[in-house]
1. What number comes out for the charge environment of residue 51, summing +1 per Lys or Arg and -1 per Asp or Glu over other residues with Cβ under 15 Å away?
2. Using just the helices of the chain, give the 222 nm mean residue ellipticity in deg cm²/dmol: DSSP H runs with n ≥ 4 each add -39,500 (n - 2.57), and the total is spread over all residues, rounded to 500.
3. Got a sec? Which residues in segment 39-70 would a label at residue 94 touch, if it sits 7 Å along Cα→Cβ and we count backbone N under 19 Å?
4. Summing Lys, Arg as +1 and Asp, Glu as -1, what charge do residues with Cβ under 13 Å from the Cβ of residue 95 carry, residue 95 excluded?
5. Taking only Cα atoms and a 10 Å spring cutoff, compute GNM fluctuations for the chain and point out the largest among 116, 45, 60.
6. Going 7 Å from the Cα of residue 74 in the Cα-to-Cβ direction, what parts of segment 81-114 have a backbone nitrogen less than 11 Å from that spot?
7. I need the Kirkwood Rh of the chain: take the reciprocal of the average 1/r across all distinct C-alpha pairs and report it in angstrom.
8. Once fully extended, how much extra length lies between residue 101 and residue 114, figured as 0.36 nm per residue of separation less the alpha-carbon to alpha-carbon distance?
Amino acid sequence: MYYQNENPLVSIIISTYNRYELAKGAIESALQQSYKNIQIIVVEDGSRSQLDKHITSVNDERIKYFLHNKNKGLAAARNTGTRLARGKYVAFMDDDERWLKDKIALQFKLISSFNDDKIMVYCGNIIM
């Protein structure tokens with residue numbers, strides 16, 4: 001687990017299947033978080049969309065890519081991402097989601113206000 005300025009690493013897990021453009025948007029949204037100590041794990045669940053080439057072109061060491069050889073479903077993709085996660089906290093992001101820039105920072109602030117290692121935080125959403 002890596003700490004940067006006393007802020008623990010947060011692993012953002014993005015699972016995708018045949019949705020290249022949506023996944024690119026999710027990755028960009030994750031990269032724009034104001035909370036910078038993040039790891040982004042992209043699990044492509046059996047599709048061959050060339051997302052790995054896009055990730056290479058972004059050239060950000062915080063992004064890790066994993067490919068399932070066949071489609072295993074959302075739960076399996078999230079489980080793969082969780083196994084690869086190195087953060088103290090894990091955040092799940094669907095490929096069609098876009099986060100407000102302070103989402104992780106606000107959730108970390110809330111988590112930090114509790115003295116409990118077993119905590120879950122969730123939030124509402126805006127459908128556009």
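1. Working: positive: 19, 24, 48, 53, 64; negative: 21, 28, 44, 45, 52, 60, 94, 95, 96.
With Lys, Arg at +1 and Asp, Glu at -1, the net is -4.
2. Working: 4 runs with 41 residues, N = 128.
Computed ellipticity for the chain at 222 nm equals -9500 deg cm²/dmol.
3. 41-47
4. On the way: positive: 19, 24, 78, 98; negative: 21, 28, 44, 45, 94, 96, 97.
With Lys, Arg at +1 and Asp, Glu at -1, the net is -3.
5. Per the Cα network of the chain with a 10 Å cutoff, 116 tops the list.
6. Those under the cut-off are 93-96.
7. Details: mean 1/r = 0.0667 Å⁻¹.
That comes to 15.0 Å for the chain.
8. Working: separation 13, 0.36 × 13 = 4.68 nm, distance 2.28 nm.
Net length gain for the segment: 2.4 nm.
The values are calculated or read from the model by the stated rules, or taken from the named source; none is laboratory data. Nothing here was measured: the structure is a model prediction, and the numbers come from that model. All Cβ positions, even for glycine, are placed from backbone atoms using ideal geometry, and neighbour counts span all protein chains on display. SASA here: full protein model, heavy atoms, side chains in, ligands and nucleic acids out. Shrake-Rupley method; radii C 1.70, N 1.55, O 1.52, S 1.80 Å.
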